[in-house]
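The values are calculated or read from the model by the stated rules, or taken from the named source; none is laboratory data. None of the values given here were measured: they were computed from a predicted structure. With ideal geometry, Cβ positions are generated from the backbone for all residues, glycine too; neighbour counts draw on all protein chains shown. Surface areas here come from the heavy atoms of the whole protein model, side chains and all, with no ligands, DNA or RNA. Shrake-Rupley method; radii C 1.70, N 1.55, O 1.52, S 1.80 Å.
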Amino acid sequence: MSSLRVERRGHAALVTLDRPDRSNAFDRATVSELGRVGRELTADAELRVAVLTGAGERAFCAGADLKEREGMTEAEVRSMLDAYRTDFAWLGSAPFPVVAALNGAALGGGLELALTCDLRVAAPHAVLGLPETSLAAIPGAGGTQRLPRVVGYARALELVLLGTRVSAEQARALGLVNRVSPEGTNVVDDTLAWLAPLLDGSPLAMRAALTAVRAATTLPLEAGLDAERQAYDVCVASDDRREALRAFAEKRKPVFRGR
Ligand code: COA
């Protein structure tokens, strides 16, 4: 039985980690399944966003499956670390944004999965943290590198060294999540409603904007400005940009065709 569910909601794909009896922790099979799903989704030109969530309300993902981990050899653990790097990479490099909808606890590798995504929305009861040092290890799915890029060095170091668990509201204050869903709403529905401007916008401009802003996380300023310019060039030549200007002049909503 697959540990992931994938469904379509219009131009959005919803990917659900579905191992509720293990708090949606990922074992070897789930990691490679996530890689396979990523290859399928990134090849789909109709997709404008993907949302990653977990089954149930208690956990988004409790990280590595510690029950499986206990029986692994050192070589197997090392090969899992390599697999995280290859099979999770699409979450932050897909041609559309990927948004983590944290329906509950995001701990260890679960938070690292969310950090690999472009954006994060949390249910109000979600808790977030990187407890790996308390397990005599360190975050091994990119957390030590991505967390400082999201919340800054000192806060990241605190979360990693002390294993501090933060609430959804604290995570929002840190910039670790973009949004906390209102009480009583479903975090996936709330996330998709929040994303409406992205889903209604020009697919071409959204992709260009995503490419340009992502470049800022890895490139020095001058190279980043080159990346911005290249991304803008795609928009300059597009029908969508001309349609937006016509619609503005005619005081109507633009109709974007993604070309
Ligand atoms: N790997 C495997 N199973 C896990 C797991 C993990 N990382 N985290 C939780 N589970 C299992 C529990 O063992 C339990 O199963 P069991 O009753 O058969 O033992 C089940 O998921 C539910 O967990 P429980 O703690 O009863 O539920 P909860 O909703 O009260 O708490 C968490 C959920 C995720 C907050 C809590 O389980 C937790 O803190 N887990 C550890 C997370 C962690 O340290 N991850 C770091 C990995 S590097």
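Might you check whether a residue that is closer than 24 Å to A123 by Cβ, surrounded by 14 or more Cβ atoms within 10 Å (Cβ to Cβ) and acidic (D, E) occurs anywhere in region 71-93?
No - not one qualifying residue is present in region 71-93.
Restricting region 104-121 to residues that are in a loop (DSSP other than H, G, I, E, B) and open to solvent by less than 10 Å² (accessible area, probe 1.4 Å), which is nearest to the ligand (Cβ to nearest atom)?
Step by step, filter region 104-121, then rank; the result is G108.
Assuming Q145 fulfils every condition listed in (1) in contact (Cβ under 8 Å) with a residue 40 or more places away in the chain; (2) within 15 Å of E112 (Cα to Cα) apart from one, which condition is it?
(1)
Right, V51: touching a helix residue (DSSP H, G or I) at 6+ places or on another chain (Cβ under 7 Å), at pLDDT 95 or above, of a type in the set (V, I, T) and open to solvent by less than 70 Å² (accessible area, probe 1.4 Å) or not?
Criteria met by V51.
Within region 1-26, work out how many residues are hydroxyl-bearing (S, T, Y), surrounded by 17 or more Cβ atoms within 10 Å (Cβ to Cβ) and in contact with a helix residue (DSSP H, G or I) (Cβ under 7 Å, 6 or more places away or on another chain).
Number satisfying all stated conditions: 1.
Within region 124-145, can you find the residues that are assigned to a loop (DSSP other than H, G, I, E, B) and buried (at least 23 other Cβ atoms within 10 Å of the Cβ)? Write out each step before concluding.
Residues of region 124-145 assigned to a loop (DSSP other than H, G, I, E, B): 124-126, 130, 136-142.
Selection gives A126, L130, P139, A141.
Would you be able to tell me the number of residues in region 146-159 that are open to solvent by 20 Å² or more (accessible area, probe 1.4 Å) and in contact with a helix residue (DSSP H, G or I) (Cβ under 8 Å, 6 or more places away or on another chain)?
5
Yes/no matrix, rows are residues, columns are (1) hydrophobic (A, V, I, L, M, F, W, C); (2) assigned by TED's automatic domain parsing to the domain that holds Q230; (3) touching a residue at least 24 places away in the same chain (Cβ under 8 Å):
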site	(1), (2), (3)
N186	no, no, no
A193	yes, no, no
T211	no, yes, no
A216	yes, yes, no
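Would you check which residues across region 217-234 are within 20 Å of the chain's Cα centre (by Cα) and either closer than 25 Å to V180 by Cα or surrounded by 17 or more Cβ atoms within 10 Å (Cβ to Cβ) (or both) and list them?
T217
For region 27-47, name all the residues that are open to solvent by less than 80 Å² (accessible area, probe 1.4 Å) and either more than 16 Å from L14 (Cβ to Cβ) or polar (S, T, N, Q) (or both).
D27, A29, T30, V31, S32, G35, T42
Scan region 6-21 for residues that are part of a strand (DSSP E or B) and more than 16 Å from the chain's Cα centre (by Cα) and jot them down. Give the derivation first.
Step one: filter region 6-21 for residues part of a strand (DSSP E or B), giving 6-9, 12-17.
Listed by number, the residues that qualify are E7, R8, R9.
Residues that are away from the ligand (no atom under 16 Å from the Cβ), open to solvent by less than 20 Å² (accessible area, probe 1.4 Å) and at pLDDT 95 or above: does region 160-174 have at least one?
Taking every residue of region 160-174 in turn, none turns out to be away from the ligand (no atom under 16 Å from the Cβ), open to solvent by less than 20 Å² (accessible area, probe 1.4 Å) and at pLDDT 95 or above.
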